[in-house]
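**Q** Here you go, one structure.
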Amino acid sequence: MSKPEALDRSGLGAALICYLLWGVFPLLFHAMAVAGANPWEIVGWRTVFSVPVALALVAVTGRLIGLSELVTQPRVLMLLSLSAVLIASNWLVYVWAVNSGQTLSASLGYYINPLLNAAVGAVLFREKISRSGYIAFALAAVGVGIQALSAGANPWIPLVLAASFSTYGVVRRQVNADAQTGLLAECLILIPIAVGGLFWLTGHGGLRFGQGWSVSLLLMVAGPATVAPLALFAYAARRLPFNVVGFTQFVTPTLQFGCGLLLGEHLTPIRLLSFAFIWAGAGVFAVDLAMRLKRQTGA
């Protein structure tokens, strides 16, 4: 039997906390929509209010010098520009889906994403998948396939979400910058587009920020709510095998699916069947992961 890959416990913990936070995002975005904010404004303020939070995080960790060094590396700057566009696209599609009553379809995208990550990890990074891992992915793939058949009229939503986030993870893994500094750079790259969009909304009467303390507070919360899980994800992505990062992500769509039900979306029998396969796959993977951790520590 080959020696199991070492698993970074801090990276695994960061990934799980990150996915828990992302899992409850639909409730926050739904509250913003109820208060009158449209997806364009939500993503715009999300970007703007992320900058001071990310800047404070970089300053506290003593990495401001790293930011100045970053802008002198054209390749790194190009990669961060690409990752910024990918994550902004992901944000916009996701917020639109949640606020259009399609949280269940959005959750399907994040069920597909771990399978896509596993394939990418095997092809690009030559990461090995154990026998239990193949069984887990096969079960999950059946569940995802069943969900795809019942996804509704907008199958492009899960496909765009899965592809954009998987590609984002690949690009960020190639960036020679720490998680906090890279995240700040992405936010700064997006700022001109975000501010331009908010000015356009102001001129067309579509801006809700400043029209009441509740909606303004919700939009301000989007900053720290964005920075915290993204920083955790970037941290985890650089310390864990790509297939582990991907499969632990099943925490997020499961919570998103629950949020969809809470917000009044309907659970059909065929979607319930798909969950049986997905959770069977997740259970196999969890047992395999626990055994690897046990062998690693010699417990």
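Here is a yes/no grid of residues against (1) modelled with pLDDT of 85 or more; (2) out of contact with any Leu (no Cβ under 9 Å at 6 or more places or on another chain); (3) among the small types (Gly, Ala, Ser):
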position: Leu27; (1), (2), (3): yes, no, no
position: Ser83; (1), (2), (3): yes, yes, yes
position: Ser100; (1), (2), (3): yes, yes, yes
position: Pro114; (1), (2), (3): no, yes, no
position: Val120; (1), (2), (3): no, yes, no
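**Q** Right, here's the next one. Considering only residues that are assigned to a helix (DSSP H, G or I), more than 14 Å from the chain's Cα centre (by Cα) and not hydrophobic (A, V, I, L, M, F, W, C), which ones fall in the range 76-115?
**A** Across the range 76-115, the qualifying residues are Ser81, Asn99, Thr103, Ser105.
**Q** Determine, yes or no, whether Leu161 is surrounded by 15 or more Cβ atoms within 10 Å (Cβ to Cβ) and more than 18 Å from Ser50 (Cβ to Cβ). Please lay out each step first, then the result.
**A** Details: surrounded by 15 or more Cβ atoms within 10 Å (Cβ to Cβ): yes; more than 18 Å from Ser50 (Cβ to Cβ): yes.
Criteria met by Leu161.
**Q** Moving on to the next point. In this structure, is Ser107 under 28 Å from Ala276 (Cα atoms), touching a Ser or Thr at 6+ places or on another chain (Cβ under 9 Å) and in contact (Cβ under 8 Å) with a residue 24 or more places away in the chain?
**A** Values: under 28 Å from Ala276 (Cα atoms): yes; touching a Ser or Thr at 6+ places or on another chain (Cβ under 9 Å): yes; in contact (Cβ under 8 Å) with a residue 24 or more places away in the chain: yes.
Against the criterion (under 28 Å from Ala276 (Cα atoms), touching a Ser or Thr at 6+ places or on another chain (Cβ under 9 Å) and in contact (Cβ under 8 Å) with a residue 24 or more places away in the chain), Ser107 qualifies.
**Q** Please state which of the following conditions Ala37 fails to meet, knowing it meets all the rest: (1) of a type outside the set (Val, Ile, Thr); (2) surrounded by fewer than 19 Cβ atoms within 10 Å (Cβ to Cβ); (3) assigned to a loop (DSSP other than H, G, I, E, B).
**A** (2)
**Q** Another one. Looking at the range 261-283, can you tell me whether even one residue there is in contact (Cβ under 8 Å) with a residue 12 or more places away in the chain, surrounded by 21 or more Cβ atoms within 10 Å (Cβ to Cβ) and aromatic (Phe, Trp, Tyr)?
**A** no
**Q** Out of the helices (runs of 4 or more DSSP H) lying entirely within the range 181-299, which hold 2 or more residues that are touching a Ser or Thr at 6+ places or on another chain (Cβ under 6 Å)? Before you say what the answer is, go through the steps one by one.
**A** On the way: elements: 213-237, 242-247, 251-262, 269-297.
It comes to 213-237, 251-262, 269-297.
**Q** Test each condition in (1) surrounded by fewer than 17 Cβ atoms within 10 Å (Cβ to Cβ); (2) over 20 Å from Pro158 (Cα atoms) for Leu289 and report the one that comes out false.
**A** (1)
**Q** Restricting attention to the range 123-137, which residues are modelled with pLDDT of 80 or more and surrounded by 15 or more Cβ atoms within 10 Å (Cβ to Cβ)?
**A** Within the range 123-137, Ser132, Ile135, Ala136, Phe137 qualify.
**Q** State all residues of the range 186-200 that are at pLDDT 90 or above and among the hydrophobic types (A, V, I, L, M, F, W, C); if no residue qualifies, say none.
**A** Once the filter is applied, which keeps residues that are at pLDDT 90 or above and among the hydrophobic types (A, V, I, L, M, F, W, C), the range 186-200 yields Leu188, Ile189, Leu190, Ile191, Ile193, Ala194, Val195, Leu198, Phe199, Trp200.
**Q** Still on this structure, please answer the following. Which one of these does Trp156 not meet: (1) exposed (fewer than 14 other Cβ atoms within 10 Å of the Cβ); (2) modelled with pLDDT under 80; (3) within 20 Å of Tyr94 (Cα to Cα)?
**A** (2)
**Q** State whether the residues of the range 187-199 include one that is surrounded by 22 or more Cβ atoms within 10 Å (Cβ to Cβ), in contact (Cβ under 8 Å) with a residue 40 or more places away in the chain and not small (Gly, Ala, Ser).
**A** yes
Conditions tested, residue by residue: (1) among the basic types (Lys, Arg); (2) under 17 Å from Val95 (Cα atoms).
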site	(1), (2)
Glu186	no, no
Ile189	no, no
Leu198	no, yes
Arg208	yes, yes
Ser214	no, no
Val221	no, yes
Val251	no, no
His266	no, no
Ala282	no, no
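Table: residues versus (1) over 16 Å from the mean Cα position of the chain (by Cα); (2) basic (Lys, Arg).
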{"residue": "Arg173", "(1), (2)": "no, yes"}
{"residue": "Asn176", "(1), (2)": "yes, no"}
{"residue": "Ala185", "(1), (2)": "yes, no"}
{"residue": "Leu190", "(1), (2)": "yes, no"}
{"residue": "Val195", "(1), (2)": "yes, no"}
{"residue": "Phe199", "(1), (2)": "yes, no"}
{"residue": "Phe209", "(1), (2)": "yes, no"}
{"residue": "Leu230", "(1), (2)": "no, no"}
{"residue": "Phe250", "(1), (2)": "no, no"}
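The values are calculated or read from the model by the stated rules, or taken from the named source; none is laboratory data. These numbers were taken from a predicted model, which means no experiment stands behind them. All Cβ positions, even for glycine, are placed from backbone atoms using ideal geometry, and neighbour counts span all protein chains on display.
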